[in-house]
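Student: Here it is: the structure, laid out below.
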Amino acid sequence: MDKTAYFHFFGNLNDFLPSSQKAIVVFHSFSGTPAVKDAIEALGVPHPEVDVILVNGKPEDFYYLLQLNDTVSVYPAGLYNVHFAAYSRQATLPVWNKFILDVHLGKLVKSLRLLGFDTLYRTDYDDKTIVQLSVMEERIILTRDVGLLKHKAVLWGYWLRSQHPEKQLAEVLAYFHLLPVIQPFTRCLVCNGTLSLVPKESILEKLLPKTKRYFQEFHQCQSCGRVFWKGSHYERMEAFVEKLKQAN
C-alpha cells in the first residue's frame, strides 16, 4: 500500500519544482522504504544542490529510509539554522573553485579561466566522462542539464539557472563566494594551463605589429605556449567584476 511523506523545499531548490509545488508542502506517495535522497530526486531536485535535510525536525543524511508521515525539510546552501551547520553537505566540498563544465557552457569557460579558476572543458566530453573526472579530480560540475547532476556518483554540482553567459558567471561567483579569491590572468583561456609573466623580448616573434606597439605586459601559458595580454576582453571583464563587487 502506498504511503505518504511531506516535503518542503526552501530557497532556490524551488527552481526545480513545477509552479504548483513551489514554496508549499509537497505530498509524496511512495512504497517500501526508499532513501530520502531518491525521494528528493523523484520530486525533481538534484542531490548535489541539497545542503541540509531535516526529517521530523532532526538532521539526517541521504541514506535515511523514508517512513509513513515523515515531514522532510530540504535546504540549499546558506538557508539552514546555524545549529545544523555540522550537517552541511556543502561544507564537505574539497574546494570551491575547481570546476568541470558540460558542452553547453563554452562561453562561461573562458570567463572563469580569465578570472583564474581551474576550469576543465572539452566539447567531446560525454556525461560519463564528466562525472568520472569530477570524482577523480574533485571538481564541481557546472551544467544546464539537471539530469547530469542526478547521476548517482556525482558529489558536487550546480545547475545554472540562466542561459546568458554574464548572468551565469554572476551566479557562479555568488553561489560559491568567489569574488574575494579572483586571480585574473593566471589561467590560459584555451587549455586551462597556468600563465607566467614573461619579458616582451622573449615572445616578440609571436606578436602582431599593433600588439607590439601598444602593449608592454605579456603572460605565456606554461602548457601550450600561447601568449596573452590585457586587451579589450580583459578590460570588459574587469569592469564586470568591479560592478559585481559593488553590488555585493
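Just so you know, all these numbers are worked out from the coordinates, no wet-lab data involved. Every value quoted in this text rests on a predicted model; they were computed, and no experiment measured them. For neighbour counting, all protein chains shown are included, and Cβ atoms are generated from backbone atoms with ideal geometry for every residue, glycine included.
Student: Determine which aspartates and glutamates satisfy two conditions relative to Lys128: a Cα distance under 17 Å, and not lying fewer than 8 residues away in the same chain.
Tutor: By straight Cα distance, Lys128 reaches Asp102, Glu137, Glu138, Asp145.
Student: Roughly speaking, what is the stretch gain from Phe84 to Tyr214, that is 0.36 nm per residue apart minus the C-alpha to C-alpha distance, in nm to one decimal?
Tutor: That pair, Phe84 and Tyr214, stretches by 41.3 nm at full extension.
Student: Of Val146, Phe99, Ile24, which is farthest towards the positive pole of the chain's charge dipole, taken about the Cα centre with +1 and -1 on the beta-carbons of Lys, Arg and Asp, Glu respectively?
Tutor: Phe99
Student: If you wrap a convex hull around the C-alpha atoms of region 4-49 and split its volume per residue, what is the figure in Å³?
Tutor: Hull volume over Cα atoms, normalised by residue count, gives 65 Å³.
Student: Which order do the peptides 63-75, 130-142, 25-37 take when ranked by the mean count of other beta-carbon atoms within 10 Å per residue, highest first?
Tutor: Going by the mean number of other Cβ atoms within 10 Å, highest first, we get 130-142, 63-75, 25-37.
Student: Over region 161-248, what per residue volume does the convex hull of the Cα atoms give, in whole Å³?
Tutor: Cα-based convex hull of region 161-248, divided per residue, equals 121 Å³.
Student: With 17 Å as the cut-off, how large is the P(r) tail for region 38-149, expressed as percent of Cα-Cα pairs?
Tutor: For region 38-149, the share of Cα pairs beyond 17 Å comes to 61 percent.
Student: Next up: Above 31 angstrom, tally the Cα pairs of the chain and express them as a % of all pairs, no decimals.
Tutor: 35
Student: Would you mind checking the pairs Lys58/Lys150; Lys200/Lys230; Lys98/Lys206 and listing those with alpha carbons more than 23 angstrom apart?
Tutor: Cα-Cα > 23 Å for Lys58/Lys150; Lys98/Lys206; rest within.
Student: What value does region 98-185 have for Rg/Rh, both radii from Cα atoms and Rh as Kirkwood defines it?
Tutor: Using Cα coordinates only, the ratio equals 0.93.
Student: Also, I was wondering about something else. In whole Å, what three semi-axes, largest first, describe the equivalent ellipsoid of region 3-91 built from its Cα gyration tensor (square root of 5 times each eigenvalue)?
Tutor: Semi-axis lengths for region 3-91 are 19, 16, 11 Å.
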